[in-house]
Amino acid sequence: MIGTPGRRLVLLGSTGSIGTQALDVLTRYPEVAQLHGLAVGGSRPELVAEQVAAHRPAHLVVSDPDRAEAVESAVGAASRDAGIAGPRIAAGADAVAELAGSLGGGDVVLNAITGSVGLLPTLAALASGARLALANKESLVVGGHLVIDAAAPGQMLPVDSEHTAIAQALAGVRHDQIDHLVVTASGGPFRGRTRDELAAVTPDQALAHPTWSMGRVITTNSATLVNKALEVIEACFQFDLPEDRVQVVVHPQSIVHSMVTLVDGSTLAQASPPDMRHAIGWALAHPEKLPGLAAALDFSRTQEWTFEPVDEETFPAIGLARAAHREGGGAMAVLNAANEEAVDAFFEGRVSFLGITDLIRDVLADPSRPRAEKAAGVDGLLAVEAWARTAARARLTGPAGDARE
Ligand code: NAD
Ligand code: MG
């Protein structure tokens, strides 16, 4: 029997890349959970309406109040057409966190929101006792200690192909048997380029990812390798290791999703064709396996898996993340906030591609940067984050290509 009878699911970010794939998994394996509630930003009212008609959640939250009316009218029309009562609808960030915290033990919350706005819903889900399937890696980057302290053992499962791979490789391995983790990176669309060759890169070029189809922010982050930088931090918190025991290796085929090297010199890997439904289904159904969830590798055909070091000179993001993790406190929240601001500016033509990581480095190096101690809690972190956004924006007022003072 797959799933727990009566298990409910709250899906945060249902209209995104992870969210739509999660609903696809749920359609194919309805026994996994019953959809209780959806939360969305609100930019795609027609898609929300389709999701409501197909999955009939009891609750719907639109985080952006300005978009709530459009979503409500699309959902109302679709509910009438489908002959259903329709969900109870609420709006605003507080309502998202409330929905995230509304379930309990035996239920699941999948947090597939993009950005540090996912932190409060993550904490609310953990406080409720429900399982947290965490795609929103920014929660862990920004509030790592808070999130880890709030999570009971086994309560939080990663939905990120690398971390899902490591979690699977670690089944049956004790923590003291781990030598180091090996996180794989596709290298993104600009693998092999030099800094000079990246100076004039456009958003469209950055969005052409070679192996994965994902949302706009994570795709841009994959091109700058900021995504891998965030994933190093995510791995440190998920698996309780310092950053110097998390190695990154470029593996352009995205087949080996990550590895664990043990103290006896053995390396364990998880491999499958790139398909996020694998990671999503793994986290939702754990410890069960969903038969036929995603295509398996076909070893009757010749294939080549290659591994190469990261060019850290062209892509400095991982080094910045390592330093931020070593420092601790609010440094990781600053790194993430500066990146979120820079990515928005990149799409608006206000900063160049290389300017994204330049900006992160400059904001981190700002002598007036406030430090948040662990004791400062979530409010202290959010204050540091707000400072970082202001500092980033102040540097982003110049012409595109110049994020430096
Ligand atoms: P996306 O941009 O495609 O989707 C984001 C979703 O969140 C949308 O439904 C949007 O409406 C919703 N949303 C935005 N702000 C919200 C808020 N305040 N409250 C509720 N909902 C809100 O993003 P994505 O690519 O699906 O990625 C989601 C998260 O998963 C990110 O943290 C990303 O790093 C992580 N992730 C994604 C992939 C992938 O393959 N896409 C892989 C690994 C990890
Ligand atoms: Mg990943």
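The values are calculated or read from the model by the stated rules, or taken from the named source; none is laboratory data. Note that this is a predicted model, so its numbers are computed, not measured. FYI the Cβ positions are ideal-geometry reconstructions off the backbone, even for glycines, and counts take in every protein chain you see.
Determine the pairs where a residue that is in contact (Cβ under 8 Å) with a residue 12 or more places away in the chain and in the same structural domain as L38 (by TED's automatic domain parsing), located within the stretch 64-88, has a partner that is in a helix (DSSP H, G or I) and among the basic types (K, R) with Cβ atoms under 9 Å apart, the partner being 6 or more residues away or on another chain.
G86/R80
Which of the following residues is more than 13 Å from ligand 1 (Cβ to nearest atom), part of a helix (DSSP H, G or I) and on the phi < 0 side of the Ramachandran plot: H145, H163? Break it down into steps so the answer makes sense when it comes.
Values: H163 fails: more than 13 Å from ligand 1 (Cβ to nearest atom).
Only one candidate passes the filter, namely H145.
Considering each of V109, V96 in turn, give the residue that is within 27 Å of R389 (Cα to Cα) and either in the same structural domain as A49 (by TED's automatic domain parsing) or crowded, with 24+ Cβ neighbours inside 10 Å (or both).
Values: V109 fails: within 27 Å of R389 (Cα to Cα).
Matching residue, one of V109, V96: V96.
Where residues in the stretch 219-244 are of a type in the set (D, E, K, R) and surrounded by fewer than 24 Cβ atoms within 10 Å (Cβ to Cβ), which of them is farthest from ligand 1 (Cβ to nearest atom)?
We begin by selecting, within the stretch 219-244, every residue of a type in the set (D, E, K, R); these are 228, 231, 234, 240, 243-244.
With the extra rule that they be surrounded by fewer than 24 Cβ atoms within 10 Å (Cβ to Cβ), the set shrinks to 240, 243-244.
Numbers: D240: 20, E243: 19, D244: 24 Å.
Per the stated criteria, the residue is D244.
Considering the stretch 148-160 alone, what residues qualify as being in contact (Cβ under 8 Å) with a residue 24 or more places away in the chain and assigned to a helix (DSSP H, G or I)?
I148, A150
Checking G172 against (1) in contact (Cβ under 8 Å) with a residue 24 or more places away in the chain; (2) more than 16 Å from ligand 1 (Cβ to nearest atom); (3) not in a helix (DSSP H, G or I), which test does it fail?
Failed condition: (1).
Can you name every residue in the stretch 20-52 that is touching a helix residue (DSSP H, G or I) at 6+ places or on another chain (Cβ under 6 Å), more than 26 Å from W282 (Cα to Cα) and among the small types (G, A, S)?
Once the filter is applied, which keeps residues that are touching a helix residue (DSSP H, G or I) at 6+ places or on another chain (Cβ under 6 Å), more than 26 Å from W282 (Cα to Cα) and among the small types (G, A, S), the stretch 20-52 yields G42, A49.
Filter the stretch 215-254 for residues that are within 11 Å of ligand 2 (Cβ to nearest atom) and outside any helix (DSSP H, G or I) and give the result.
S254
Would you check which residues across the stretch 117-130 are in contact (Cβ under 8 Å) with a residue 60 or more places away in the chain and either more than 12 Å from ligand 1 (Cβ to nearest atom) or surrounded by fewer than 24 Cβ atoms within 10 Å (Cβ to Cβ) (or both) and list them? Before the answer, list the steps.
Here is the first cut: in the stretch 117-130, the residues in contact (Cβ under 8 Å) with a residue 60 or more places away in the chain are 118-121, 123, 125, 130.
Answer for the stretch 117-130, where residues must be in contact (Cβ under 8 Å) with a residue 60 or more places away in the chain and either more than 12 Å from ligand 1 (Cβ to nearest atom) or surrounded by fewer than 24 Cβ atoms within 10 Å (Cβ to Cβ) (or both): L120, L123, A125, A130.
Within 16 Å of ligand 2 (Cβ to nearest atom) and crowded, with 21+ Cβ neighbours inside 10 Å - does that describe any residue in the stretch 58-77?
Our first condition is that a residue be within 16 Å of ligand 2 (Cβ to nearest atom); within the stretch 58-77, this holds for none.
For the stretch 58-77, residues within 16 Å of ligand 2 (Cβ to nearest atom) and crowded, with 21+ Cβ neighbours inside 10 Å: absent.
I'd like to verify a number: residues in the stretch 175-203 that are basic (K, R) and either crowded, with 18+ Cβ neighbours inside 10 Å or not in a loop (DSSP other than H, G, I, E, B) (or both), how many?
Of the stretch 175-203, the ones basic (K, R) are 191, 193, 195.
Checking which are either crowded, with 18+ Cβ neighbours inside 10 Å or not in a loop (DSSP other than H, G, I, E, B) (or both) leaves us with 191, 195.
Of the residues in the stretch 175-203, 2 are basic (K, R) and either crowded, with 18+ Cβ neighbours inside 10 Å or not in a loop (DSSP other than H, G, I, E, B) (or both).
Which members of the stretch 2-22 meet the condition of being part of a loop (DSSP other than H, G, I, E, B) and within 8 Å of ligand 1 (Cβ to nearest atom)? Steps first, please.
First, the residues of the stretch 2-22 that are part of a loop (DSSP other than H, G, I, E, B): 2-7, 13-16.
If the condition is that a residue be part of a loop (DSSP other than H, G, I, E, B) and within 8 Å of ligand 1 (Cβ to nearest atom), then G13, S14, T15, G16 are the ones that fit.
Check T211 against each of (1) modelled with pLDDT under 95; (2) buried (at least 24 other Cβ atoms within 10 Å of the Cβ) and name the one condition it does not meet.
Every listed condition holds for T211 apart from (2).
For the stretch 100-117, enumerate the residues that are closer than 18 Å to A283 by Cα and more than 16 Å from ligand 2 (Cβ to nearest atom).
Of everything in the stretch 100-117, those that are closer than 18 Å to A283 by Cα and more than 16 Å from ligand 2 (Cβ to nearest atom) turn out to be A100, L103, G104, G105, G106, D107, V108, V109.
Could you tell me which residue of the stretch 32-51 is farthest from ligand 2 (Cβ to nearest atom), considering only residues that are under 24 Å from the mean Cα position of the chain (by Cα) and part of a helix (DSSP H, G or I)?
Step one: list which residues in the stretch 32-51 are under 24 Å from the mean Cα position of the chain (by Cα), which gives 32-45, 47-48, 51.
Narrowing the set further to residues that are part of a helix (DSSP H, G or I) leaves 45, 47-48, 51.
Details: P45: 29, L47: 24, V48: 26, Q51: 24 Å.
The extreme case among them is P45.
Which numbered condition trips up V141, out of (1) touching a Leu at 6+ places or on another chain (Cβ under 8 Å); (2) surrounded by fewer than 17 Cβ atoms within 10 Å (Cβ to Cβ); (3) within 23 Å of A333 (Cβ to Cβ)?
(2)
Considering only the stretch 263-294, state which residues are under 15 Å from Q21 (Cα atoms) and of a type in the set (A, V, I, L, M).
M276, A279, I280, A283, L284, A285, L290, L293, A294
Quick one: is T202 assigned by TED's automatic domain parsing to the domain that holds W305 and either basic (K, R) or away from ligand 1 (no atom under 13 Å from the Cβ) (or both)?
Working: assigned by TED's automatic domain parsing to the domain that holds W305: yes; either basic (K, R) or away from ligand 1 (no atom under 13 Å from the Cβ) (or both): yes.
Considered against the rule, which asks whether it is assigned by TED's automatic domain parsing to the domain that holds W305 and either basic (K, R) or away from ligand 1 (no atom under 13 Å from the Cβ) (or both), T202 comes out as yes.
If we scan the stretch 14-25, do we find a residue that is buried (at least 19 other Cβ atoms within 10 Å of the Cβ) and among the acidic types (D, E)?
No - not one qualifying residue is present in the stretch 14-25.
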